[in-house]
Amino acid sequence: MLTRVAIITGSSSGLGLSTTIQLARQGFEVLATMRNKDKFTVFNLHTNEQDVLDRILPYQLDVTDQESINRFSEKVNTLERVDVLINNAGFAIGGFAEQVEINDYRRQFETNLFGVMAITQAVLPKMRQKRNGTIINISSVSGRMGFPGISAYVSSKYALEGYSESLRLELRPFGIQVAIVEPGSFQTNIWSSGMEISKGSLNDQSPYHDYMTKIISSLESSKKNHQDPILVANLVAKIANMKEIKRLRYPVGKGLKATLFLKQIIPWKWWERIVLKIIFKK
Ligand SMILES: NC(=O)c1ccc[n+]([C@@H]2O[C@H](COP(=O)([O-])OP(=O)(O)OC[C@H]3O[C@@H](n4cnc5c(N)ncnc54)[C@H](OP(=O)(O)O)[C@@H]3O)[C@@H](O)[C@H]2O)c1
């Protein structure tokens with residue numbers, strides 16, 4: 001049987017790292033892309049299964065850098081096949097909307113949205129040629145509900161959800177499937193080194209300073225409840241193996257499905273009260 005090929009972005013840590021190993025365990029050859037070449041050996045620190053490591057091919061790719069994307073496109077052209085693309089690379093910018101620099105909003109969208117679009121464009125010709133392929137976009141609970149203090153992140157993930165919904169419809173006639181995975185809160189770097197807080201909101205003269213401090217402490221105290229990334233990795237691997245991906249959205253995380261259901265059925269006023277109570281504990 002031919003070896004199936006998966007490509008993933010942002011494989012150097014967190015969900016991307018776990019997913020890469022999980023896909024390789026399942027027999028996929030994984031083009032494990034990451035922007036920092038110094039992290040190419042990260043997989044050896046997380047598994048000593050040699051057959052798994054042999055199926056992981058690290059490759060340098062910054063999803064916001066056009067030259068890097070062009071090189072990646074050429075690499076994709078040399079591949080026999082691409083069965084699965086996982087658009088995982090992402091980061092978060094925190095800060096209140098009045099004070100987040102427009103350039104920071106742009107940087108947030110560059111990675112979390114335009115990066116996904118560019119990498120998808122690079123991979124699609126190969127998938128179309130084979131009339132086969134699965135694209136899994138890693139969105140977030142923040143692509144389904146807004147939270148104060150992270151409007152840049154939330155809006156980038158909402159945009160990703162809309163893009164994915166259209167993409168799925170466009171690609172159906174070509175035999176290419178699209179799914180969105182929506183994680184809740186998992187133990188990765190995203191809420192620490194993967195998060196940037198806009199300077200304005202941290203300034204103690206800022207009218208939002210107290211709010212921002214409460215949000216940061218709420219994030220800190222919720223870290224102990226963050227779940228193991230393996231849950232997301234297992235879900236992505238399961239979707240990657242599906243013949244027919246029936247649903248567009250796959251939420252994952254403790255209580256997330258129930259929360260999304262609640263958001264749909266209760267009046268908006270009640271929903272806002274719950275969100276503010278959870279975030280600001282009042
Ligand atoms: N963890 C959660 O609770 C959670 C919840 C919902 C959604 N998500 C989503 O899950 C995805 C993975 O995040 P994570 O939680 O695993 O956080 P993470 O550990 O910080 O991993 C993010 C990855 O994205 C990479 N990355 C960032 N900018 C990039 C760029 N321009 N080009 C290529 N790679 C880039 C990072 O590379 P470096 O190592 O070079 O920084 C890192 O490998 C993100 O899309 C995030 O929004 C996470």
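Quick rundown of the values:
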item: Every pair of residues 6+ apart whose Cβ atoms lie under 6 Å, when the first sits in segment 187-209 and is within 20 Å of Glu101 (Cβ to Cβ) while the second is of a type in the set (Val, Ile, Thr) and not in a helix (DSSP H, G or I); result: Glu196/Ile93; Ser198/Val100
item: Residue in segment 70-83 that is at pLDDT 95 or above and within 12 Å of the ligand (Cβ to nearest atom) present; result: yes
item: Failed item in (1) more than 16 Å from Ile138 (Cα to Cα); (2) open to solvent by 30 Å² or more (accessible area, probe 1.4 Å), with Gly162 passing the rest; result: (1)
item: Test result for Ser139, within 11 Å of the ligand (Cβ to nearest atom), within 30 Å of Leu276 (Cα to Cα) and in contact with a Phe, Trp or Tyr (Cβ under 8 Å, 6 or more places away or on another chain); result: no
item: Flag for Arg131 being among the charged types (D, E, K, R), touching a strand residue (DSSP E or B) at 6+ places or on another chain (Cβ under 9 Å), touching a residue at least 40 places away in the same chain (Cβ under 8 Å) and on the phi > 0 side of the Ramachandran plot; result: yes
item: Gly133 vs. criteria more than 21 Å from Gly194 (Cβ to Cβ) and more than 14 Å from the ligand (Cβ to nearest atom); result: yes
item: Residue in segment 12-32 that is over 30 Å from Lys243 (Cα atoms), within 14 Å of the ligand (Cβ to nearest atom) and under 22 Å from the mean Cα position of the chain (by Cα) present; result: no
item: Verdict on Ser155 being over 27 Å from Ser13 (Cβ atoms), more than 8 Å from the ligand (Cβ to nearest atom) and under 20 Å from the mean Cα position of the chain (by Cα); result: no
item: Residues of segment 189-218 classified as open to solvent by less than 40 Å² (accessible area, probe 1.4 Å) and either more than 8 Å from the ligand (Cβ to nearest atom) or not in a helix (DSSP H, G or I) (or both), total; result: 9
item: Segment 260-282 residues that are surrounded by 13 or more Cβ atoms within 10 Å (Cβ to Cβ), paired with ones that are hydroxyl-bearing (Ser, Thr, Tyr) (beta carbon under 7 Å, 6 or more apart); result: Ile279/Ser218
item: Test: residue in segment 70-88 that is in contact with a Pro (Cβ under 7 Å, 6 or more places away or on another chain) and on the phi < 0 side of the Ramachandran plot; result: no
item: Search result, residues across segment 133-149 that are modelled with pLDDT of 95 or more and either within 24 Å of Ser11 (Cβ to Cβ) or surrounded by 19 or more Cβ atoms within 10 Å (Cβ to Cβ) (or both); result: Gly133, Thr134, Ile135, Ile136, Asn137, Ile138, Ser139, Ser140, Val141, Ser142, Gly143, Arg144
item: Segment 230-258, residues that are open to solvent by 50 Å² or more (accessible area, probe 1.4 Å) and either touching a helix residue (DSSP H, G or I) at 6+ places or on another chain (Cβ under 6 Å) or in a helix (DSSP H, G or I) (or both); result: Ile230, Leu231, Asn234, Lys238, Lys257, Ala258
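The values are calculated or read from the model by the stated rules, or taken from the named source; none is laboratory data. Given the structure is predicted, the values throughout are model-derived calculations rather than measurements. Here Cβ is always computed from backbone atoms with ideal geometry, including for glycine, and neighbour counts include all displayed protein chains. Quick note on the areas: whole protein, heavy atoms, side chains included, nothing else; ligands and nucleic acids left out. Shrake-Rupley method; radii C 1.70, N 1.55, O 1.52, S 1.80 Å.
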